[in-house]
Amino acid sequence: MSAKEIKRYDIIVKLINQDLNGSEAAELLGLSVRHTKRIKVRVKKKGMAGLAHISRGKPSNRKIPDEEKQKIIKLIHRYYSDFKPGFATEKLRERHRLVRDPKTIRRIMIDEWLWKPKQKKKNIHRSWRQRKANFGEMIQFDGSYEHWLEDRNGTGEICLLAGIDDATGIVTKAKFDTDEGVFPVFGFWQEYIISNGKPYSIYVDKFSTYKMNQKTAIENHDTKTQFERAMNELNIEPITAHSSQAKGRVERLFKTLQDRLIKELRLANISTIAEANEFLEKIFLPTFNVKFSVESRTKTNLHQKLNQTEIKKLESIFSRQYQRTVRSDWTVSFNNQWYQLTEHQPATVCKNDVIIVEQRLDGSIHFRLRGKYLNCELLPERPKKLNKNIAWVLTAGPKSTVKPNYKPAPDHPWRRQFIYAKKLT
């Protein structure tokens, strides 16, 4: 079962329990009402296994025979590697009597990295989008840098992280932190999920914490940020906005807060981040939500509670994760420090094994291999390389302070050009 099918199961269960009607469930699943009913019948009969596609594991009826496909690939590589798909299709038909649809040849050339599809530029057109129907269906999330405490106590510019529910306009959580980096965002969502549960989706912008914007990362869809990796492990859908107008609800929230919250913090004489967070949670947000929130179209709450496995893995999920290679002496280098893997381990460790290093929110470092956490010890600092000046002194001795009294001869090669110049004159 894929994660997508497991996520569908929760919606189908709510449909069976009549928490959702057929139209609402179909909209959430992105399916037609008719197909949603089919899935509902299969789940009633087979349980979660009924979500698996009936054709799974079977070859497609329209699949090209392997011999013909390999022949096409060899011909394209040999003769038509720089052809466009349409032209390559014509030549395969004319010269080799291989008749296939241009889309099929195009797909083969893309898989063989011989053709890169071009996306047409579209005119920007924005239209009004209806709010989501259910509470917790989509949380718009962003950070705003501002002098929220008006530099009291030397705080300077700090960041306010906030999430607002798209259906109701309720500010589900807000928190002041130093910046919008990975660890502050992870700390925000760890607290959010523990108290509220997992939202169905999160709407963010293309800030580097949430989305890799380099050209190589865009071309390779498997390249993910730490945030995307954590959301995938929790089976929460991260949605990336292409403009600030797309997530206008949270943008307008910050405009309102920059007007109201700064004044409220000033009136409360708050000058530290800790006091500001307590004021937000206990005083400001409850009043703010009563005043500005609206009713959703349904009464369903799509926040999902954590299961026991997710609760145990939560600290691991919200950690920076890196890959490191085990050296021949069973040591691992991370952040300019060396760690020695002990002799007794819960999993078999070999040299050159690639392990996962978890840097958690509390600052601790953990090493993981095939789901098992390894035992290790922090090694003392390794000897530093010898200074070049010291090395010269040890090998050649100190430099002499007496300058050599040496004068080049008149016919020395360095002086020849001057001698010849005098003779010519």
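The values are calculated or read from the model by the stated rules, or taken from the named source; none is laboratory data. All values derive from a computational prediction rather than experimental measurement. Cβ sites come from the backbone with ideal geometry, for glycine too, and all protein chains shown count toward neighbours.
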Q | Lone qualifier among Arg107, Arg131 - being among the charged types (D, E, K, R) and without any contact (Cβ under 8 Å) to a residue 60 or more places away in the chain | A | Arg107
Q.
Looking at segment 12-36 only, could you name the residues that are under 21 Å from Glu137 (Cα atoms) and basic (Lys, Arg)?
A. Lys14
Q | Selected residue (criterion: modelled with the lowest pLDDT) from residues of segment 70-83 that are under 38 Å from the mean Cα position of the chain (by Cα) and surrounded by 15 or more Cβ atoms within 10 Å (Cβ to Cβ) | A | Phe83
(Q) Suppose we filter Arg266, Arg249 for residues that are surrounded by 13 or more Cβ atoms within 10 Å (Cβ to Cβ), of a type in the set (D, E, K, R) and modelled with pLDDT of 90 or more; which single one remains? (A) Arg249
Q) Do the conditions hold for Thr225, that is, is it under 30 Å from Val13 (Cβ atoms) and surrounded by 17 or more Cβ atoms within 10 Å (Cβ to Cβ)? A) no
Q: Given the conditions (1) touching a residue at least 60 places away in the same chain (Cβ under 8 Å); (2) closer than 21 Å to Asp177 by Cβ, report the number of the one that Gln304 does not fulfil.
A: (2)
Q) Residue check: is Arg324 of a type in the set (Lys, Arg) and touching a Phe, Trp or Tyr at 6+ places or on another chain (Cβ under 7 Å)? A) yes
Q: Consider only pairs whose beta carbons are under 8 Å apart and that are at least six residues apart or on different chains; among these, list those whose first residue lies in segment 33-47 and is at pLDDT 85 or above and whose second residue is hydroxyl-bearing (Ser, Thr, Tyr) and surrounded by fewer than 13 Cβ atoms within 10 Å (Cβ to Cβ).
A: Val33/Ser23
Q | Every pair of residues 6+ apart whose Cβ atoms lie under 6 Å, when the first sits in segment 237-252 and is in contact (Cβ under 8 Å) with a residue 12 or more places away in the chain while the second is part of a helix (DSSP H, G or I) and among the acidic types (Asp, Glu) | A | Pro238/Glu228; Ser244/Glu251
(Q) Looking only at segment 277-310, filter to residues that are among the aliphatic types (A, V, I, L, M) and exposed (fewer than 15 other Cβ atoms within 10 Å of the Cβ); which one of those is nearest to Gln18 (Cα to Cα)? (A) Val294
Q: Kindly provide the set of residues from segment 322-367 that are over 20 Å from the mean Cα position of the chain (by Cα), closer than 30 Å to Trp189 by Cβ and crowded, with 18+ Cβ neighbours inside 10 Å, ordered by number.
A: Val332, Tyr339, Phe367
